[in-house]
Amino acid sequence: MKSDSSGTTRSLPDSLHVERDGDIALLRLDRAQKRNALNDPTILGIGAFFEEIPAGVRAVVIHGAGEHFCAGLDLSELEERDAVEGVMHSRMWHKALDAVQFGTVPVVAVLHGAVVGGGLELAAATHIRVAEASTFYALPEGSRGIFVGGGGSVRIPRLVGASRMTDMMLTGRAYSAEEGQQWGLSHYLVGSGEGLKKGIELAHKIAANASMTNFALMHVLPRIAELGQDQGLLMESLVAAIAQSSPEAKARIQQFLSKQAGTKVGRPK
Ligand code: 1HE
């Protein structure tokens, strides 16, 4: 376990490092010598961290040490497994990455270098992705004779479409940072070395949102997106009514109506 200033008492593996910056936490994949390849302790540690976010943390930034965000599954741990053990291993990844996507606070991923295999599956479980110009995306599972097992077949097509994911896996095609930005793998594209600053700035903005808004975006919007129009519209009305009735929403709307500085919508910069 690494000592850190996160305010957490939880024991994390040495491959993860947590720091606190006010109301956000920075979670660093810290295994640069193995290109932040995800071994079992790291995946379990990610799950444990997101299942029990330190008190007072309202958003998380996840980033990688060294030259790459993440080289995916630690291939040295791909031991002989029977089918049931293989299913259980994949389910362990699902549980951990579900904790990222459907935890208690929004997560911003800062990407650079390789975002491949399970690294892309991890990035796809986050809510906002900032990519530096050095980022490249690939799914080398195809060439390794395996398949995605960390939720990639569910989450990645929702970002880029099943057709592009099929190309990535059948042909080993890698996408550049620019292509990833164009096709929805990242939300923000920044210069090399600028990702963490941008990620932290976004996380602080997110942390300042009303809790109900963040909850609805993390837990309700993805469910509505899977519903038919009738059910989706009804669910939207229910959540809109709950959100509007909160004292926080009333106070924020009043701030705008009383012409408080900084409450107008800004033009894109
Ligand atoms: C690793 C891994 C790894 C690096 N597992 N050890 N992922 C992949 O198929 C990607 C495999 N990795 C690479 O293609 C390259 O390493 C990178 C493009 C990511 C980076 O290249 P580079 O030149 O910076 O590093 P390197 O020299 O290749 O690797 C440095 C060390 O990290 C080296 O170990 P060393 O002991 O010889 O120093 C590598 O063996 C080690 N390393 N990547 C284990 N992935 C839930 S299912 C998900 C399924 C998948 O994710 S499949 C995709 C796996």
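Grab the beta carbon distance between residue 234 and residue 79, set R0 = 45 Å, and tell me the FRET efficiency rounded to 0.05. The computed FRET efficiency comes out at 0.40. Report the residue, chosen from 187, 63, 17, that carries the largest GNM mean-square fluctuation when the chain is represented by alpha-carbon nodes joined by springs under 10 Å. So, out of 187, 63, 17, the one fluctuating most is 187.
Here the ratio of the Cα radius of gyration of the chain to 2.2 N^0.38 Å is 1.04. Which FRET efficiency value, to the nearest 0.05, is calculated for residue 194 and residue 217 with the Förster distance at 35 angstrom and r the Cβ-Cβ distance? Computed FRET efficiency for residue 194 and residue 217: 0.90. The simple Förster model, with R0 at 25 Å and r as the Cβ-Cβ distance, assigns residue 187 and residue 88 a FRET efficiency of 0.15.
Residue-wise HN-Hα couplings along region 76-81, as the Karplus relation 6.51 cos²θ - 1.76 cosθ + 1.60 with θ = phi - 60° gives them from phi, are 6, 9, 6, 7, 4, 10 Hz; Gly and Pro carry x.
Put simply, the amide H of residue 21, placed in the peptide plane, has neighbours under 5 Å in 26, leaving out anything fewer than 5 places away on its chain. Couplings 3J(HN,Hα) for region 113-126, derived from phi with the Karplus relation 6.51 cos²θ - 1.76 cosθ + 1.60 (θ = phi - 60°), are x, 6, 10, 10, x, x, x, 6, 5, 5, 4, 5, 7, 7 Hz, where x marks Gly and Pro. Amide H contacts of residue 62 (H built 1.01 Å from N, in plane; Pro and chain starts excluded): 27, 108, 109, 110 sit under 5 Å, all sequence-distant by 5 or more or on other chains. For region 138-206, the relative contact order comes to 32 percent (Cα pairs under 8 Å, sequence separation of at least 6). Rounded to whole numbers, the Karplus 3J(HN,Hα) couplings from phi for region 215-224 are 4, 5, 5, 7, 9, 9, 3, x, 6, 4 Hz, using 6.51 cos²θ - 1.76 cosθ + 1.60 with θ = phi - 60°, and x at Gly and Pro.
No lab work stands behind these numbers, since they all come straight from the coordinates. Since the model is a prediction, treat every value here as computed from it, not as a measurement. Cβ atoms come from the backbone with ideal geometry, glycine included; neighbour counts cover every protein chain shown.
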